[in-house]
Amino acid sequence: MSESHLPRAIALHAAGTWPEGEERDAVTLDFDDRHRRRRRYVATGGLAFLLDLPEAAVLRDGDGLALEGGGFVRVRAAPEPLVEVTARTAAEVARLAWHLGNRHLPTQIMVSAEGGAPRLLIRHDHVILQMLRGLGATLRHIEAPFDPEGGAYGEHNRQASHPHGHHHHDDDHQAHG
């Protein structure tokens, strides 16, 4: 079927804000495939559709894509290989998070409902893992959906190919190291 004959998903509705009873299908996507504006997808149940949003958006687990002719496609975050970063105390985890943020790395912050120390999820990068070990982190390879923070400069900086969602000015005295 050509793109011109596919149903179009024309609007994104955040998880919990769309009528789930109108779900026609679901699409399971990894982190990279959840930052798009226009792309052809085939959902789990076989529904082929064209994502056709006015601007690029981050699709989060549980979001609903409104189809032009009615109904919704649920977004599911696919499990992918990640590294879980932990430390002995919440303060140590916060320090590790600062180092990751200072390098503009997509990082998911996980806080337990039971009140345990938080943990961080990142993608594998041997240089970063070496740095984290040197800072006293405990690292564990896992498979999980990846839904990192959007950052202070907007959701667009979540794209792995654009680690810097902003540019630096000569009067910007932020240290990068």
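Would you rank R74, R34, R88, R140 by solvent-accessible area, highest first, keeping every protein chain in place and using a 1.4 Å probe?
R88, R140, R74, R34
Any chance you could run the full-extension gain for E68 through A56? It's 0.36 nm times the residue separation minus the Cα-Cα distance, nm to one decimal.
So the extension gain works out to 2.6 nm.
Provide the net charge surrounding A66, with neighbours chosen by a C-beta distance below 12 Å and charges set as Lys +1, Arg +1, Asp -1, Glu -1.
Its environment carries a net charge of -2.
For H124, H35, write out the residues from largest to smallest accessible area, computed with a 1.4 angstrom probe and no ligands counted.
The most accessible residue leads, giving H124, H35.
Using the scaling law 2.2 N^0.38 Å as the reference, what is the normalised Cα Rg of segment 1-122? Write out the running numbers ahead of the final one.
Details: Rg = 17.7 Å, N = 122, 2.2 N^0.38 = 13.7 Å.
Here the Cα radius of gyration is 1.29 times the empirical estimate.
Counting only the heavy atoms of the protein chains, how much of R103 is accessible to a 1.4 Å probe, in Å² to the nearest 10?
70
Given R₀ = 25 Å, FRET efficiency for H124-T17 by Cβ-Cβ distance, to 0.05?
Efficiency at R0 = 25 Å is approximately 0.15.
When the Kirkwood hydrodynamic radius is evaluated over all pairs of different C-alpha atoms of segment 64-122, what value in angstrom, to one decimal, is obtained? Walk me through the numbers on the way to the answer.
Values: mean 1/r = 0.0725 Å⁻¹.
Answer for segment 64-122: a Kirkwood hydrodynamic radius of 13.8 Å.
Taking R0 as 22 Å, what FRET efficiency do you get between A113 and L139 from their Cβ-Cβ distance, rounded to the nearest 0.05?
0.40
The values are calculated or read from the model by the stated rules, or taken from the named source; none is laboratory data. Source: prediction; values computed, not measured. As a convention, Cβ positions derive from the backbone with ideal geometry for all residues, glycine included, and neighbour counts pool all protein chains shown. With ligands, DNA and RNA removed, areas are computed over all heavy atoms of the protein, side chains included. Shrake-Rupley method; radii C 1.70, N 1.55, O 1.52, S 1.80 Å.
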